[in-house]
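Here the structure comes first, spelled out in structure tokens, and everything after it is commentary.
The values are calculated or read from the model by the stated rules, or taken from the named source; none is laboratory data. Just so we're clear, the structure is a prediction, and the values are computed from it rather than from any experiment. Here the Cβ positions follow ideal geometry from the backbone for every residue, glycine too, while neighbour counts run over all protein chains shown. Keep in mind that these areas ignore ligands, DNA and RNA; they rest on the heavy atoms of the full protein, side chains included. Shrake-Rupley method; radii C 1.70, N 1.55, O 1.52, S 1.80 Å.
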Amino acid sequence: MPKPLPHRQETPETWLMPVFIAKAGHEAELQEALHSLQTLSRKDPGCLEYTVFTDEQQPGTFVLFEGWARSEDLEAHNEQDHVKEFVRAVDPLLSVPFSVTSLTPLT
């Protein structure tokens, strides 16, 4: 008999996975902007995780894995000047608008 699938964990935590794809020739600028955002965002209240990864299979693609203790912490983070400035600054560096996937942990 197959094992049942894990159930979704009820948690106030919020987990996201934004993906950023650089325009050709702007990879280094985007990486630098993401690194700066990572450094500042890790200090925001309620931040559980904030790490940027490069996609080894798709050069110029960066994946951010972020976790927040509560949805209110994420909302406050998104209102921070460093986040608003990042969004404005990277728009011309992206080949497509960045996407954000909400994630729910399984237990």
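List the GluC sites (Glu not before Pro) within the stretch 65-107 that DSSP assigns to loop and that have no more than 13 neighbouring Cβ atoms inside 10 Å. Write out the running numbers ahead of the final one.
Values: sites: Glu66, Glu72, Glu75, Glu79, Glu85; in loops: Glu79.
Qualifying residues, ordered by number: Glu79.
For the chain, what relative contact order do you get, as a whole percent, if you take Cα pairs closer than 8 Å and at least 6 residues apart? Write down the numbers at each step before the final one.
Numbers: 168 pairs, mean separation 47.9, N = 107.
That works out to 45 percent.
Once amide H atoms are placed 1.01 Å from N in the peptide plane, what residues at a sequence separation of 5 or more from Leu48, or on another chain, have their amide H within under 5 Å of its amide H?
Amide H to amide H, under 5 Å and 5 or more residues apart or across chains, Leu48 pairs with Gly67, Trp68, Ala69.
Take the alpha-carbon centre of the stretch 37-68, take the same for the stretch 84-102, and report the distance between them in whole Å.
Cα centroid of the stretch 37-68 versus Cα centroid of the stretch 84-102: 13 Å apart.
For the chain, with all protein chains present and a 1.4 Å probe, just round the carbon and sulfur fraction of the accessible area to a whole percent.
Details: 3940 of 7150 Å².
Answer for the chain is 55 percent, counting heavy atoms of protein chains only.
Provide the net charge surrounding Pro92, with neighbours chosen by a C-beta distance below 15 Å and charges set as Lys +1, Arg +1, Asp -1, Glu -1.
Working: positive: Lys23, Arg88; negative: Glu27, Glu29, Glu32, Glu85, Asp91.
Every neighbour counted, the sum reads -3.
Which net charge results for the neighbourhood of Gly46, defined as the other residues with beta-carbon distances under 12 angstrom from its beta-carbon, given Lys and Arg at +1 and Asp and Glu at -1? If you can, show how the numbers build up before the last one.
Details: positive: Arg42, Lys43, Arg70; negative: Glu13, Asp44, Glu49, Glu66, Glu72, Asp73, Glu75.
With Lys, Arg at +1 and Asp, Glu at -1, the neighbours total -4.
How much mean residue ellipticity at 222 nm does the chain get from its helices, if each DSSP H run of length 4 or more adds -39500 (n - 2.57) and you divide by all residues, to the nearest 500 deg cm²/dmol? Don't jump to the answer; show the numbers that get you there.
Details: 3 runs with 33 residues, N = 107.
Dividing the helical sum by the residues of the chain leaves -9500 deg cm²/dmol.
Can you give the local net charge around Leu34? Use residues other than it whose beta-carbon is closer than 12 angstrom to its beta-carbon, Lys and Arg +1, Asp and Glu -1.
Numbers: positive: none; negative: Glu27, Glu29, Glu32, Glu66.
Charge balance in the 12 Å sphere: -4.
At 1.4 Å probe radius, can you tell me the per residue accessible area of the chain in Å²?
Details: 7150 Å² over 107 residues.
Here the residues of the chain average 67 Å² of exposed surface.
Considering all alpha-carbon pairs of the chain, what whole percent are spaced by more than 17 angstrom?
Values: 3169 of 5671 pairs.
Within the chain, distances greater than 17 Å cover 56 percent of Cα pairs.
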